[in-house]
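Student: First, the structure itself, so that you have it in front of you.
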Amino acid sequence: MTSLILCFILLAPNNPVDEDVLCLKDGRIYEELKLERVEGGVKAKFTNGDIFVPDRLILESIVAGDVQFQPETDEEKAMVEKGLVLYEGEWIKANKRDRLMKKRLDGRRQAILDMKEHSLWRNRYKEKTAHFQWEYTIPNHIFEEYRDLMEVYFTDFAKKWKIPGGASPLVVCFYHDRDAFHQIGGIKGGVIGYFRYVEPWELNIFYDRTDPALTEDVMFHEANHYLQKLIDVQFKYPHFPGESLAEYYGASSYDPKKKKLEVGLIQEGRLIEIQTDISGGEMMSLEKLIRADRMYEHYTWGWALAHFLMSDKKYEKKFTLFFKGLAHDRKIKRVDHGGGLSSVEPDEVWKAFRRYLSLTSDADVKELEEKWHAYIQEKLQLVTSSGYEKAAFAASSTYPPRPIKAKRLFQEAIEKGSKNSLTYHRFAEMLYGEGDTEKALELWNQAIALDPLNAAFYAAKGKALGRKGQKEEGKKLVALAQELDPEFYQIDLSELFSD
Amino acid sequence: MRIDRSTIRTTSAFGLGSALGVLLLLVMLAPSVQAQYHEDDRFGYKIGIPNGWQQIPIQVDEEWIIAKYLCDKATRYTDDQGFSSDHKTDMQVIAFIDKVTDGPKVEAKETGENEFTISINNPFKDYPDYLRRTFNEGGWFENGREERKVGGVDVTCLDIKVEKLTRSGPMRITTWIFHHDGVDIAIQFQCLEDGYKKQRGLILGSLRSFKTIPRTGQLGPADQTGTRRITITKMDKLTPDQRRLQRMELEKQLIEKTVSRLPNDWEHAEVGNFLLLDHADDKFKFAKKILTQAQAVMSWLEKTFPEVGEGEYVRSPIIRVCKDYDEEKAFRKSSGSSGWSGMGTEIVVHRDLGFAGEYELQWVNRRVMDIWFQDRDRELYWALPPWLGTGLRQFIGSAEAKGKRLQFRPESWETTTLKIAAQKRELVAPRELMRLSSGDFLGESVSIRVHSATSLVRFLVAGPGARNRLTKDVLPDYLENLKAVITEMEEKDKAEKKTDSEDPTTEEEEEEQFKVEREKWQQRRQEILDQVFELTFGEWSDADWKRFEQAYYKSIL
């Protein structure tokens, strides 16, 4: 019954059978467009201008004109006059080609329609793997990578930490964007992923098309809480070291060719936060970090501590035993956490940490703290363009802003080959704010080249053109931005509308 | 064009077969279980309300919700761990006017001397957008959507499930959006998923009863839902007399608007400085108890802190007594558009003569204190250090009116906590407590510091400290000194802003400036604490401290 209804929709007179459709690799779908195939991609035609979208961004494009065969040479024209057209290297009757093309286009259109349908939670995809039960609204071609990744991650951690087997597959809810995560997942604010540690266990994450690496990071982080849970299902790991270890494992990377998972990479965003604290004159004390209950710095300085300890074989062994001992060691005092779970209070965590790390005196504590601080300042460095981007964002947005530093970092990110359109956009905004309109425009052009369908870039560029005196051109770009995304608006357009 | 996924028409949940089934079910249902109709000639509709449901008042500054009702019976949800919670199905009507005022979406303009108004036009695009931005009772999704006609009006019917991280158990929301002559009227029913089967007939019966009626006048900008206006008056630029007049005018407008929004079965009365709104069905008995409490707290504040904001006019609090907790909960649900002017002076409680009634009194005490201090000296109130701010709130919470006077008795856990802390030598000395910044006050073992602060305030204003020559003026002096210090700091900040400060030219200079600025804010907080302490106790000798601390410890142990 359902497929008949869908077919009806496809064939209905005012249904967009002949409408062009553009589906990008990052999951965005654009309908009611006019597309034209050009070399290297497609041109999307809007009232206020055309936008070139390169093939590298496109998953699927359906152009109504594809059905029509356009002869180019005299030979082809002669064949067309005979009633034949070229189809996959063969000359066949025109109506047969049209039928075959239409069938193919309908199939592709159906695939896109399926993708749209499955983006609604009530129609979500469901798939079971060895250790997880997936419910997701992201397109399959994006999902498959994360699915395989998680299995490898689980196996690797379970082996190293000797996790007992037998657990039922964990439900993982994977949303197609942040808004869907907050709305359906039921959590607001700055949370970007969560693991529900009371029954029914569940993991909730979302796909961020502007930062797929962060998606992976969050997935690994939240999955780590699940794996920690499996160490002892009656135990709730305290904030430290629970969050710190989750951050440590959040920075993991999988090589699909070598089928190898590399863990304990640099959490560049967290490193930047630590560096900001240090710049502000704050060096975290070991004791303060471990004895605090639910401190934000468990995600930053705590990560750095885990990284430091796990990087040294001697400390790695002790830290691993400490971690597992929190759940099992009879010498450690546990308290009721509620919901049938026990946990350990921060003072007791500190005691256990000192014991396992052999910190018998205050001098030992001081020594370890100094080593840890030195490790942060000497060994932990930004590595990727993404790291430099994050550092630039932080420098420009943390109070008080540091524009000189931010500009240097933006430049370094670009020199390292950044392909993040937002980097160029934010750098442009910064320079525009300082009056360097020409350079800002160059950067916006680069942002548009990387992501030609982002309305904000056109609006920003339009505003900059207004300042240069090119008001009409600027207004047109702003109108294009609103055509591209009707929900987009910009409050301050005084440079375009004032005389 | 970018697809708006929420407008996809689908029959996957309400398929053709299901639609027929629903239609059949509707035909089979009793024609109406409504004992009353809700009529609204402003928006031009009426709808049947299920028998026994009561009308809930709308918050005074509410811009979107135009009607609310609450079921008279509760449904119970029990989770896997055996915990139960009750929920009464509620109904809300939310209006979205199509017409958008011309001009920018956000507009700020000067609307008077020392006053400007910010208008945010149509912040909610439509019902799904509204739900996305206001619903906070759990994760939700559209389970089904259908288009139909009811009484000649096009309707979008939504079936919404609330499943993840719910507070009271999985929920079901049934909303029909009637597209009627320039307005979308969304009628929303929210019930427990467990109770949905039983209530579905009632809900659909009510929705099906929707009818249009003639509208009185045009819906224009003055009546428009969807425009949120925030008026900011530069109060600190006015003289006390001007402020008094301004506040009295606001108060008058607020009282009129509040009373006009009361359902017919609510009673109201102006008693002294207070406006009482009562739905407790006990001839104002509970409301008077709350009133007596509030009046006693107000008098105590006037008497204890006469110099704080001397001469400033305090707006009359509005005391709203709901019938029960469910009614209060339903009343508090809003679109988030309620501004500062309404809820700011309104104290909402529900009639509870049992144990929970004590919490109601604590709440009343604290709200009266908030209102009083905000109007007398808001800046001082916000600047209270952690020991005094927390201590005062906890202390005033424990107050109970006996006639017109207040009695202050420590809570049993306060006494117990302090005694245990004393045994473990963990008590915090007053002179240490008074110099703790927020971070240190709220750190580990916070309860000891909270109870210490409470007992210290009690000692100084209502205990032996209030009668002792050495300590009886400590708190008024402390407040006066605090006011002087923050005023001086503000003047200094203004002066520093005016002088040309050089921007850094290198990254090193920038880093140095960053460090100085960050440290400055942390140091500043400590500076305030230290300066005020010095001004208040600078002339105390060690012997004075010893006498003080001995008397204080004796009072708490």
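Student: Among the listed residues B:245, B:207, identify the single one that is open to solvent by 50 Å² or more (accessible area, probe 1.4 Å) and modelled with pLDDT of 90 or more. Break it down stepwise before answering.
Tutor: On the way: B:207 fails: open to solvent by 50 Å² or more (accessible area, probe 1.4 Å).
From the options B:245, B:207, the qualifying one is B:245.
Student: While we're here: For residue A:216, state whether it is at pLDDT 95 or above, away from every other protein chain (no Cβ under 14 Å) and buried (at least 18 other Cβ atoms within 10 Å of the Cβ).
Tutor: Values: at pLDDT 95 or above: no; away from every other protein chain (no Cβ under 14 Å): yes; buried (at least 18 other Cβ atoms within 10 Å of the Cβ): yes.
No: the conditions fail for residue A:216.
Student: Looking for something under 22 Å from residue A:244 (Cα atoms), surrounded by 18 or more Cβ atoms within 10 Å (Cβ to Cβ) and not hydroxyl-bearing (Ser, Thr, Tyr) - is there at least one such residue anywhere in the range A:144-152?
Tutor: yes
Student: While we're here: Taking the range A:452-462, which residues are free of Cβ contacts under 8 Å to residues at least 40 places away in the same chain and not in a helix (DSSP H, G or I)? Explain how you work it out, then say what you get.
Tutor: Filtering the range A:452-462 for residues free of Cβ contacts under 8 Å to residues at least 40 places away in the same chain gives A:454-462.
Passing the criteria: only A:454.
Student: Would it be correct to say that residue A:429 is part of a helix (DSSP H, G or I), farther than 23 Å from residue B:516 by Cβ and open to solvent by 20 Å² or more (accessible area, probe 1.4 Å)? Give the steps one after another, and end with the answer.
Tutor: Values: part of a helix (DSSP H, G or I): yes; farther than 23 Å from residue B:516 by Cβ: yes; open to solvent by 20 Å² or more (accessible area, probe 1.4 Å): yes.
Answer is yes for this residue.
Student: On the basis of being open to solvent by less than 40 Å² (accessible area, probe 1.4 Å), of a type outside the set (D, E, K, R), within 14 Å of another protein chain (Cβ to nearest Cβ) and over 30 Å from residue A:230 (Cα atoms), does residue A:105 make the cut? Working first, answer last.
Tutor: Numbers: open to solvent by less than 40 Å² (accessible area, probe 1.4 Å): yes; of a type outside the set (D, E, K, R): yes; within 14 Å of another protein chain (Cβ to nearest Cβ): no; over 30 Å from residue A:230 (Cα atoms): yes.
No, not satisfied.
Student: Something else about it: Just wondering, is there one or more residues in the range B:353-376 that are open to solvent by less than 30 Å² (accessible area, probe 1.4 Å), not hydrophobic (A, V, I, L, M, F, W, C) and not in a helix (DSSP H, G or I)?
Tutor: Scanning the range B:353-376, I find no residue that is open to solvent by less than 30 Å² (accessible area, probe 1.4 Å), not hydrophobic (A, V, I, L, M, F, W, C) and not in a helix (DSSP H, G or I), so the answer is no.
Student: May I pose another question? Here are A:326, A:341, A:289: which of them is within 14 Å of chain B (Cβ to nearest Cβ), open to solvent by less than 70 Å² (accessible area, probe 1.4 Å) and in contact with a strand residue (DSSP E or B) (Cβ under 8 Å, 6 or more places away or on another chain)? Walk me through how you get there before you give the answer.
Tutor: Numbers: A:326 fails: within 14 Å of chain B (Cβ to nearest Cβ); A:289 fails: in contact with a strand residue (DSSP E or B) (Cβ under 8 Å, 6 or more places away or on another chain).
That would be A:341, the only listed residue that is within 14 Å of chain B (Cβ to nearest Cβ), open to solvent by less than 70 Å² (accessible area, probe 1.4 Å) and in contact with a strand residue (DSSP E or B) (Cβ under 8 Å, 6 or more places away or on another chain).
Student: Residue check, residue A:91 against (1) open to solvent by 60 Å² or more (accessible area, probe 1.4 Å); (2) of a type in the set (Phe, Trp, Tyr); (3) not in a strand (DSSP E or B), all met but one. Which one?
Tutor: So residue A:91 meets the others, but not (3).
Student: Considering only the range B:377-413, state which residues are open to solvent by less than 10 Å² (accessible area, probe 1.4 Å) and assigned to a helix (DSSP H, G or I).
Tutor: Hits for the range B:377-413 are B:380, B:387, B:388, B:391, B:392, B:395, B:396, B:397.
Student: If residue A:112 satisfies all but one of (1) surrounded by fewer than 17 Cβ atoms within 10 Å (Cβ to Cβ); (2) hydrophobic (A, V, I, L, M, F, W, C); (3) in the same structural domain as residue A:26 (by TED's automatic domain parsing), what's the number of the condition it fails?
Tutor: (1)
Student: Being away from every other protein chain (no Cβ under 14 Å) and within 25 Å of residue A:22 (Cβ to Cβ) is the filter here, so list the residues in the range A:437-458 that pass it.
Tutor: Step one: filter the range A:437-458 for residues away from every other protein chain (no Cβ under 14 Å), giving A:437-450, A:457.
Result: A:444, A:445, A:446, A:447, A:448, A:449, A:450, A:457.
Student: Examine the range B:324-334 for a residue that is closer than 19 Å to residue B:254 by Cβ and either assigned to a helix (DSSP H, G or I) or modelled with pLDDT of 95 or more (or both), and state whether such a residue exists.
Tutor: Yes - at least one qualifying residue is present in the range B:324-334.
Student: Condition first: in a strand (DSSP E or B), modelled with pLDDT of 75 or more and in contact with a Phe, Trp or Tyr (Cβ under 7 Å, 6 or more places away or on another chain). Now tell me which residues in the range B:96-130 satisfy that. Break it down into steps so the answer makes sense when it comes.
Tutor: Filtering the range B:96-130 down to residues in a strand (DSSP E or B) leaves B:96-97, B:106-112, B:115-121.
Those left that are additionally modelled with pLDDT of 75 or more: B:96-97.
Within the range B:96-130, B:96 is the sole residue that qualifies.
Every residue, every condition in (1) surrounded by fewer than 18 Cβ atoms within 10 Å (Cβ to Cβ); (2) assigned to a helix (DSSP H, G or I); (3) of a type in the set (D, E, K, R), yes or no:
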site: B:290; (1), (2), (3): no, yes, no
site: B:297; (1), (2), (3): no, yes, no
site: B:307; (1), (2), (3): yes, no, yes
site: B:316; (1), (2), (3): no, no, no
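Student: Restricting attention to the range A:277-321, which residues are small (Gly, Ala, Ser) and outside any loop (DSSP other than H, G, I, E, B)?
Tutor: Pass one, the range A:277-321, residues small (Gly, Ala, Ser): A:279-281, A:285, A:292, A:302, A:304, A:306, A:311.
Selection gives A:279, A:302, A:304, A:306.
Student: Do any helices (runs of 4 or more DSSP H) lying entirely in the range B:424-534 carry at least 1 residues that are surrounded by fewer than 17 Cβ atoms within 10 Å (Cβ to Cβ) and among the charged types (D, E, K, R), and which ones are they?
Tutor: Values: elements: B:430-433, B:438-441, B:446-461, B:474-498.
Correct list: B:430-433, B:438-441, B:474-498.
Student: Please go through (1) closer than 27 Å to residue B:444 by Cβ; (2) open to solvent by 50 Å² or more (accessible area, probe 1.4 Å) for residue A:267 and return the number of the only condition it doesn't satisfy.
Tutor: Condition (2) is where residue A:267 drops out.
Student: In the range A:174-189, how many residues are in contact with a helix residue (DSSP H, G or I) (Cβ under 7 Å, 6 or more places away or on another chain), in contact (Cβ under 8 Å) with a residue 24 or more places away in the chain and within 9 Å of chain B (Cβ to nearest Cβ)?
Tutor: The total comes to 1.
Student: Residue by residue through the range A:368-416, note down the ones that are of a type in the set (A, V, I, L, M, F, W, C), open to solvent by less than 30 Å² (accessible area, probe 1.4 Å) and assigned to a helix (DSSP H, G or I).
Tutor: The answer is A:368, A:372, A:376, A:391, A:392, A:394, A:395, A:406, A:409, A:410, A:413.
Student: Checking the condition within 14 Å of chain B (Cβ to nearest Cβ) and either open to solvent by 40 Å² or more (accessible area, probe 1.4 Å) or closer than 30 Å to residue A:155 by Cβ (or both), which residue from A:124, A:56 passes? Steps first, answer last, please.
Tutor: Working: A:56 fails: within 14 Å of chain B (Cβ to nearest Cβ).
None of the others qualify; the one that does is A:124.
Student: Same structure again: Quick check on this structure: which one of A:374, A:428, A:395 is within 14 Å of chain B (Cβ to nearest Cβ) and among the hydrophobic types (A, V, I, L, M, F, W, C)?
Tutor: Details: A:374 fails: within 14 Å of chain B (Cβ to nearest Cβ); A:428 fails: within 14 Å of chain B (Cβ to nearest Cβ).
Of A:374, A:428, A:395, the one residue that is within 14 Å of chain B (Cβ to nearest Cβ) and among the hydrophobic types (A, V, I, L, M, F, W, C) is A:395.
Student: Need pairs with beta-carbon distance below 6 Å; first residue open to solvent by 50 Å² or more (accessible area, probe 1.4 Å) and within the range B:535-554, second modelled with pLDDT of 95 or more; sequence gap 6+ or separate chains.
Tutor: Between residues of the range B:535-554 that are open to solvent by 50 Å² or more (accessible area, probe 1.4 Å) and residues that are modelled with pLDDT of 95 or more, the close pairs are B:535/B:481.
Student: When residues of the range A:475-487 are filtered for being assigned to a helix (DSSP H, G or I) and surrounded by fewer than 23 Cβ atoms within 10 Å (Cβ to Cβ), how many remain?
Tutor: Of the residues in the range A:475-487, 6 are assigned to a helix (DSSP H, G or I) and surrounded by fewer than 23 Cβ atoms within 10 Å (Cβ to Cβ).
Student: Ok, one more. Out of curiosity, is residue A:203 within 14 Å of chain B (Cβ to nearest Cβ) and over 19 Å from residue A:306 (Cα atoms)? Spell out the reasoning first.
Tutor: Numbers: within 14 Å of chain B (Cβ to nearest Cβ): yes; over 19 Å from residue A:306 (Cα atoms): yes.
Answer is yes for this residue.
Student: Pick out the one residue from A:96, A:25 that is at pLDDT 85 or above and surrounded by fewer than 14 Cβ atoms within 10 Å (Cβ to Cβ).
Tutor: Answer to the check: A:96.
Student: Just to be sure I understand, how many residues within the range B:131-169 are within 11 Å of another protein chain (Cβ to nearest Cβ) and assigned to a loop (DSSP other than H, G, I, E, B)?
Tutor: 7
The values are calculated or read from the model by the stated rules, or taken from the named source; none is laboratory data. Predicted, not measured: the structure shown is a model, and the values here were computed from it. A quick note on method: Cβ atoms are made from the backbone with ideal geometry, for glycine too, and the neighbour counts reach across all protein chains shown. Side chains included, ligands, DNA and RNA excluded: accessible areas come from the protein's heavy atoms. Shrake-Rupley method; radii C 1.70, N 1.55, O 1.52, S 1.80 Å.
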